[in-house]
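The values are calculated or read from the model by the stated rules, or taken from the named source; none is laboratory data. Keep in mind the model is a prediction, meaning the values are calculated, not measured. Neighbour counts run over all protein chains shown; Cβ positions are idealised from the backbone, glycine included. Remember, those area values only see protein heavy atoms, side chains included, never the ligands or the DNA or RNA. Shrake-Rupley method; radii C 1.70, N 1.55, O 1.52, S 1.80 Å.
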Amino acid sequence: RAHYPDIWASVNAVAVTDYDGEASFEVADEQTGRSHIDPAGALTTRCLKLDTYFAENGVDEVALIKLDVEGYELPALRGAATALGRRAIKAIYFEYFEKYLVRVGPPTDLIRFLDEAGYEVCFCRDYDLAGVGGATHTLASGVAGHGLPLTPVRGRPLPAMTDLFAAPREHVVVL
């Protein structure tokens, strides 16, 4: 565990998904950042739901989750359904890379899941915001990150690869 002024982080040697148990894992030796859960993977690793981790470690609230799990963002978030439902997760920053998201299902399933959970999925990168005419939204006053330029993705085409931001719908307001 590390503590740097108000940020608490813990590194755990597990894969996050929508069940507790074990998963096969493939290590991409040429670029380890592309390693991922793979039924044909050569290694086995412990996996757990984020909800299980939060319960076991007394985590009541998470300010920000940053996901880059090589296409397994949807299973990771399904494993946090309870926390999402009670708005314990205040913000999610995640990679949207269709090439890898199809490992689990249609990429739009990820956006739909977050929408159904009551989270507004938004463009947040300058390049994407410029492509949709600029920021139209931000986070509400009093919410950490207020002023962050955002534009909801709803009704707009998504690029094949970008980073997206999601927050409880009630925290995303028009500029």
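Before moving on, here are some points about what is shown:
- Selection count, the stretch 22-34, where residues are closer than 22 Å to ALA81 by Cα and either open to solvent by 80 Å² or more (accessible area, probe 1.4 Å) or over 21 Å from the mean Cα position of the chain (by Cα) (or both): 1
- Annotation note: of LEU101, LEU114, the sole residue that is under 26 Å from GLY142 (Cβ atoms), at pLDDT 95 or above and open to solvent by less than 40 Å² (accessible area, probe 1.4 Å) is LEU114.
- Flag for VAL11 being closer than 26 Å to HIS171 by Cα and part of a loop (DSSP other than H, G, I, E, B): no
- The residues of the stretch 71-104 that are more than 22 Å from ALA144 (Cα to Cα), in contact with a Leu (Cβ under 7 Å, 6 or more places away or on another chain) and part of a loop (DSSP other than H, G, I, E, B), listed by number, are GLY71, GLY79, VAL104.
- Top-ranked residue in the stretch 49-66 [being assigned to a helix (DSSP H, G or I) and among the aliphatic types (A, V, I, L, M); ranked as least open to solvent (accessible area, probe 1.4 Å)]: LEU50
- When residues of the stretch 18-48 are limited to those that are in contact with a Lys or Arg (Cβ under 7 Å, 6 or more places away or on another chain), touching a residue at least 24 places away in the same chain (Cβ under 8 Å) and outside any strand (DSSP E or B), the one farthest from GLY79 (Cα to Cα): ASP20
- Leading residue by the ranking (surrounded by the fewest Cβ atoms within 10 Å (Cβ to Cβ)) among those in the stretch 140-165 that are in contact (Cβ under 8 Å) with a residue 40 or more places away in the chain and more than 23 Å from VAL69 (Cα to Cα): ALA144
- Criterion applied to ILE92, ILE37 was being out of contact with any Pro (no Cβ under 9 Å at 6 or more places or on another chain) and open to solvent by less than 80 Å² (accessible area, probe 1.4 Å), and the one residue passing it is ILE92.
- Between GLU70, GLU30, GLU22, the distinction of being charged (D, E, K, R) and at positive phi belongs to GLU70 only.
- Some residue of the stretch 68-81 being of a type outside the set (Asp, Glu), surrounded by fewer than 20 Cβ atoms within 10 Å (Cβ to Cβ) and in contact with a Gly (Cβ under 8 Å, 6 or more places away or on another chain): no
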